[in-house]
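Undergrad: Can you keep this structure in mind? I'll have questions shortly.
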Amino acid sequence: MAANGNGKRATGPRCIALVGPFQSGKTTLLEAILARTGAIQRQGTIEAGNTAGDASKEARHHRMSVELTVATTNFMGDSYTFLDCPGSVEFVHDMRAVLPAIDAAAVVCELDEKKAPQLQLILRELEDRKIPHLLFVNKIDKVDAGVHDVLKLLQPASRTKLILRQIPTFAGDVITGFVDLALERAFVYKEHAASEVVPLEGDAADLEKTARFSMLETLADHDDELMEQLLEDIEPPRDKVFDDLTRELREGLVCPVLMGTATRAHGILRLLKALRHESPGIADTAKRLGVKADNDAVAYVLKTQNTTHGGKMSIVRMLAGQAGDGTTFLAGDDEAGRVAGVFKLIGQTTEKRGPATVGEAVAFAKLEKARTGDTLTAGKQAHPALAKVAPYPPVLAVAVSAKERKDDVKLGLALNKLVEEDPSITVVHNAEAHEVVLWGQGEMHLRVATERLSDRYGVAIERRTPSVGYRETIRKGIVQRGRHKKQSGGHGQYGDVVLDIKPMPRGSGFSFEDKITGGVVPRNYIPSVEEGVIDALKHGPLGFPVVDLHVALIDGSYHTVDSSDQAFRTAGRIGIAEGLPQCQPVLLEPIHLVEIVCPSEATAKINALMAGRRGQILGFDTREGWAGWDMVRAKMPEAEIGDLIVEIRSATAGVGTFTFKFDHMAELTGRTADQIIAARRAAE
Ligand SMILES: Nc1nc2c(ncn2[C@@H]2O[C@H](COP(=O)(O)OP(=O)(O)OP(=O)(O)O)[C@@H](O)[C@H]2O)c(=O)[nH]1
Ligand SMILES: [Mg+2]
C-alpha cells in the first residue's frame, strides 16, 4: 500500500483526470502524454483524426470529445491512467461521474477571457468535491502576453489561490521555453522531445526572482516557518519548497499553474513530473472517500460502455484489494455480476491483462448489473456506496421513433443501452401522445445520442419535436341528455342518461357523482356510465384531454331487456360528446416555473429572452454562494421552453442553464390557441 507522509511522493498506480473548458486541448494533451511515455508510436492530431482519444465515429465526426477516453501508460516505472473528459457542458456528466475516484485533476485551459466562466464552473466542481488539481495553461504557442497577466486572468475563476510554477521565456514575441520556479532552472522547448536545460541568466533571472518570491509568499500563507524565512530574507531549502508545494496541493490549499503546448508536446514532462511528485495517490484518495480497508476488493465504476464485440465493459478504479477474472462483485446488496475479462485501455484499444490491484483503473467485462457510480465489493460484506454523482436534470428533449416498425423492439433495447452508458439521458414514454421522448443536456448531446442509436445499435431513427401536454376545459356548465337506442333484429340496445356538467377550479381534475334517485338508472349500470364519460373526456371538442370539470348523473331511463353495460357506456359518451361543445371549451397550456442561472453580465439578456417567449419574470437575485452570478425566476409556457437552453447558452458563453418544474395549467386563447387547435386537427 502507498504510505506517504507530508511531502513524500505518493506511490501506487495513479488516476488523473484531464478536465477543462471546451476545446482547450485535453485530448491533444492526452495524445502528447501517450506519445511522450511511449504508449503510442507517434503523436496524432485532432485534425488528422488519428488520436487515441476521441476514436468513436461520433467524436471524429464532430471533432470534439463526446464521451470519456481512458488510457493507461507508464511513466518512470509507475502506472498512470488518464481520464480525458469532454469539455462541452452537454457531456459534462462523463467528467462529473469520474471525479470521486481520481487522485487529482489536470485542468487544461487557455489564456482566454471568454472561457473564464467555463473554467470557473469546472474549478467549482473540483473545489466542492475537494479534488486536488493543478492548471495546465495550454496553447501558449498562441500567447504573447506577459507573465503577470496569467494569474490576473485566471485567478477570478478559482476560489483556491493559484500559484504560478513556471514563467515563459520569449525570443521576440515567440515563446521559446520557460523557467521552473521551484527548480530555479531555465528550459528551452524542443519539438516532440524533452526540453533542454539552459543557463538561467540576464532578464530571465531577474523575472525569475520576482516570480519565485510571489510563489513562496503564497506557499507561506500556510507555512509559518516559511513566512519567517521570507521575512528574514533567508533562502528556504529547495526540499522545503517542494514539500510545501506537495502538501498544499494535496490539501487543496493552492492550485499550481503549469503551461505548455500540447500540439508540440511542450511542457509535458514538467506536467508529468509535477503529477508524479506532488499529486496524491490512491492512499489519499481512499482516505478522502472513506474506503474501509477490511473489504476484499472495492472498485468504483467510472464509466459503462457497450462495445460492439466485447459486450458490456465497466471501467473501474480499484480502491482496495485485488480483483480479476471470475471475481463476483456486489453493488450494494445486489449482485453486480462476475468478471469475465480484465482489460487495459488505451482509448478504444483493449489489451487483456491479469488481475487488477489497488489504484489501477481497468475495464471489467460482463458485469451485467453494474452501473456507473456503483461501489462494487467482492466478498460477502457490501461496502457502503461511496459517492454517486447524480446527472444534472435534462434541459432539452426530442421525440424519437424507429424509421421502420420492425425495429421497435430493437429501439427499446438500444435506448436501455444508451442510458446505461450515459445516465444524463432520460427516456420518457409519453403514452398519451404515443411518443418516446429522449431528454438530454443539449442539442449536440441529443444529436450524438441519435447518431449512436443508428451507428452503434443499428436502429435508424426519426426525430420530432415532442408534443406539449395541452389540455382543455369548459367555461360554463350544461345539463345534457345522452341517449343510445338501437333496434336491430332481436336484441336491441338501450341506455339513457342525463348529465349535469359543471366547470371546476383549475387543478381539480375530474370528478363524477351519482345523483340517481328511485333507480331510474339501475345501480349496476352506473359505473359504466362513468366509464363512458371518462372515455369521452380523453378527447374533447378541441382535440385534447378535458380536465377541471364535475359530471353528475342526475337522471335517465332503462329498458329491462335492451339495457346493458355497453349501452350505458355509450350513452355516457354521447352525453359528453354532445354537451361539451356547448360549454365554451377553452385550451389549457402547461406553465412551468423556470429558474435560470447565469453570470450577472448576461442577466439583462436573459430577462429580454424570457419576455420574448411569453415568460412572466418573477424576479432575480444573486445566486447563493456564486459571486458574479444571478438567478432569474420566471413562469413560462411549456411550448416556449422547448429549445430555451440553446438560447440561454448562446447568451452566456455556454455556462448558463436552467431547471423547470410544472406549476399550473393556464387558459390560452387568441391566435396562438387557434393555431394549436388547427395543428391538432390537421394531425388527426
Ligand atoms: N495552437 C494550439 N492548438 C492546440 C493546442 N492543443 C490543442 N490544440 C487544438 O485545439 C483544438 C481542440 O483540441 P482538443 O484536443 O480536441 O481539445 P479538447 O479539450 O480535447 O476538446 P473537447 O474535449 O471537445 O473539449 C484542436 O484543433 C487542436 O489541434 C496547442 O497547444 N496549441
Ligand atoms: Mg477532448
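Undergrad: In segment 184-286, what percent of the accessible surface is made up of carbon and sulfur (1.4 Å probe, ligands and nucleic acids excluded)?
TA: 49
Undergrad: Rank these by accessible area, largest first, 1.4 Å probe: 159, 633. It would help to have the intermediate numbers written out before the result.
TA: Details: 159 135, 633 95 Å².
Order by accessible area, largest first: 159, 633.
Undergrad: What span do the alpha-carbon atoms of segment 625-678 cover on each of the three principal axes, reported in whole Å from largest to smallest?
TA: Dimensions of segment 625-678 along the principal axes of its Cα atoms: 46, 22, 14 Å.
Undergrad: Return the loop-located GluC sites (Glu not before Pro) in segment 237-343 (DSSP other than H, G, I, E, B) with at most 15 other Cβ atoms within 10 Å of their own Cβ; answer none if there are none.
TA: 251
Undergrad: Here's something else I'd like to know. Looking at segment 79-148, which trypsin sites (Lys or Arg not before Pro) are in a loop (DSSP not H, G, I, E or B) and have at most 13 other Cβ atoms within 10 Å?
TA: Passing sites in segment 79-148 are 130.
Undergrad: Taking 10 °C and 1.306 mPa s as the conditions, I'd like the Stokes-Einstein D for segment 59-179 in µm²/s, using the Kirkwood hydrodynamic radius from alpha carbon pairs.
TA: Here the translational diffusion coefficient equals 99 µm²/s.
Undergrad: Can you tell which of 547, 574, 563 lies farthest toward the positive end of the dipole of segment 505-575, using +1 and -1 charges on the Cβ of basic and acidic side chains (Lys, Arg; Asp, Glu)?
TA: Positive-end residue among those listed: 547.
Undergrad: Across all directions of projection, what mean area in square nanometres is found for the Cα convex hull of segment 252-332? Intermediate values should be presented prior to the final figure.
TA: Numbers: hull surface 35.1 nm².
The directionally averaged projection comes out at 8.8 nm².
Undergrad: Taking all pairs of different Cα atoms in segment 296-439, averaging 1/r and flipping that mean, what Kirkwood radius in angstroms comes out?
TA: About 16.4 Å for segment 296-439.
Undergrad: Dipole size in debye (nearest 20) for the chain around its Cα centre, Lys and Arg Cβ +1, Asp and Glu Cβ -1?
TA: In debye, rounded to 20, the chain gives about 2080.
Undergrad: Could you tell me which trypsin sites (Lys or Arg not before Pro) in segment 382-471 are loop residues by DSSP with no more than 14 other beta carbons within 10 angstrom of their beta carbon?
TA: 403
Undergrad: Restricting everything to alpha-carbon atoms, can you work out Rg to Rh for segment 581-647 with a Kirkwood hydrodynamic radius?
TA: Here Rg/Rh amounts to 1.14.
Undergrad: How large is the translational diffusion coefficient of segment 547-616 in µm² per second when you combine the Kirkwood radius over alpha carbon pairs with Stokes-Einstein at 4 °C and 1.567 mPa s?
TA: Details: Rh = 17.4 Å.
For the chosen part, D equals 74 µm²/s.
Undergrad: To the nearest 20 debye, what charge dipole does segment 180-266 have about its Cα centre, counting +1 at the Cβ of each Lys and Arg and -1 at the Cβ of each Asp and Glu?
TA: 640
Undergrad: If you take the Cα Rg of segment 1-94 and divide it by 2.2 N^0.38 Å, with N the number of residues, what do you get? Walk me through the numbers before you get to the answer.
TA: Numbers: Rg = 14.6 Å, N = 94, 2.2 N^0.38 = 12.4 Å.
That ratio works out to 1.18.
Undergrad: Which one, 494, 519, 480, projects farthest toward the positive side of the charge dipole computed for segment 460-550 from Cβ point charges (K/R +1, D/E -1)?
TA: Positive-most Cα among the choices belongs to 480.
Undergrad: With helices defined as uninterrupted DSSP H runs, which ones in the chain have an alpha carbon span along their own long axis of at least 30 Å and mean Kyte-Doolittle hydropathy of at least -1.0?
TA: none
Undergrad: Run the Debye formula on the Cα coordinates of segment 118-163, all scatterers equal and no solvent, and tell me log10 I(q)/I(0) at q = 0.14 1/Å.
TA: Those come out to -0.37, one per q.
Undergrad: Right, next: Compute the convex hull volume of the Cα atoms of segment 443-514, divide it by the residue count, and report the result per residue in Å³ as a whole number.
TA: On the way: hull volume 18.0 nm³, N = 72.
Value for segment 443-514: 251 Å³ per residue.
Undergrad: Ignoring ligands, DNA and RNA, what percent of the accessible area of segment 388-515 is carbon or sulfur (1.4 Å)?
TA: Answer for segment 388-515: carbon and sulfur cover 53 percent of the accessible area.
Undergrad: Follow-up question, since we're still on this one. If you take every residue apart from residue 200 with its C-beta less than 9 Å away from the C-beta of residue 200, what net charge results, scoring Lys and Arg +1 and Asp and Glu -1? Kindly include the intermediate steps, with their values, before the conclusion.
TA: Working: positive: 185; negative: 184, 201, 208.
Around residue 200, the charge tally is -2.
Undergrad: Further question: Computing the accessible area with a 1.4 Å probe over protein heavy atoms, can you report the carbon and sulfur percentage for segment 18-81?
TA: Its accessible area is 47 percent carbon and sulfur atoms.
Undergrad: Accessible area per residue of the chain at 1.4 Å probe, in Å²?
TA: Values: 29790 Å² over 684 residues.
Accessible area per residue, the chain: 44 Å².
Undergrad: Which links in 114/152; 57/344; 303/369; 303/388 stretch past 19 Å when you go from one Cα to the other?
TA: Beyond 19 Å: 57/344.
Undergrad: Using just the C-alpha positions of segment 317-394 as equal point scatterers, what log10 of I(q)/I(0) does the Debye formula give at each q in 0.11, 0.16, 0.21 1/Å?
TA: Each listed q maps to, in turn, -0.29, -0.60, -0.97.
Undergrad: Quick one: give the max-minus-min coordinate of the C-alpha atoms of segment 368-463 along each principal axis, largest first, in Å.
TA: Here the spans come out as 47, 28, 27 Å, largest first.
Undergrad: With viscosity set to 0.692 mPa s at 37 °C, what whole-number translational diffusion coefficient in µm²/s follows for segment 525-684 from Stokes-Einstein and a Kirkwood radius over Cα pairs? Present the calculation step by step, with values, prior to reporting the outcome.
TA: On the way: Rh = 19.0 Å.
Diffusion coefficient, whole number: 173 µm²/s.
Undergrad: Return an integer: the convex hull volume of the alpha-carbon atoms of segment 275-315, in Å³ per residue.
TA: 115
Undergrad: Give me the mean projected area, in nm² to one decimal, of the convex hull enclosing the Cα positions of segment 169-278. Present the calculation step by step, with values, prior to reporting the outcome.
TA: On the way: hull surface 29.4 nm².
So the Cα hull casts an average projection of 7.4 nm².
Undergrad: Working only with C-alpha atoms, what are the Rg and Dmax values of segment 158-226, expressed in angstrom?
TA: Considering segment 158-226 through its Cα atoms, Rg and Dmax are 13.6, 42 Å.
Undergrad: List the pairs from 161/209; 115/661; 417/661; 8/273 whose alpha-carbon separation is above 18 Å, in the order I gave them. Spell out each step's value before the answer.
TA: Numbers: 161/209 20 Å; 115/661 30 Å; 417/661 28 Å; 8/273 14 Å.
In this structure, 161/209; 115/661; 417/661 lie more than 18 Å apart at Cα.
Undergrad: Roughly how many whole Å is it from the C-alpha centroid of segment 575-622 to that of segment 353-375?
TA: Centre-to-centre distance over Cα atoms comes out at 46 Å.
Undergrad: For the chain, what number results from the quotient of the Cα radius of gyration and 2.2 N^0.38 Å?
TA: Here the Cα radius of gyration is 1.23 times the empirical estimate.
The values are calculated or read from the model by the stated rules, or taken from the named source; none is laboratory data. Values in this document were obtained by computation on a predicted structure and should not be read as measured data. All Cβ positions, even for glycine, are placed from backbone atoms using ideal geometry, and neighbour counts span all protein chains on display. Note: accessible area is taken over every heavy atom of the protein model, side chains too, but ligands, DNA and RNA are not part of it. Shrake-Rupley method; radii C 1.70, N 1.55, O 1.52, S 1.80 Å.
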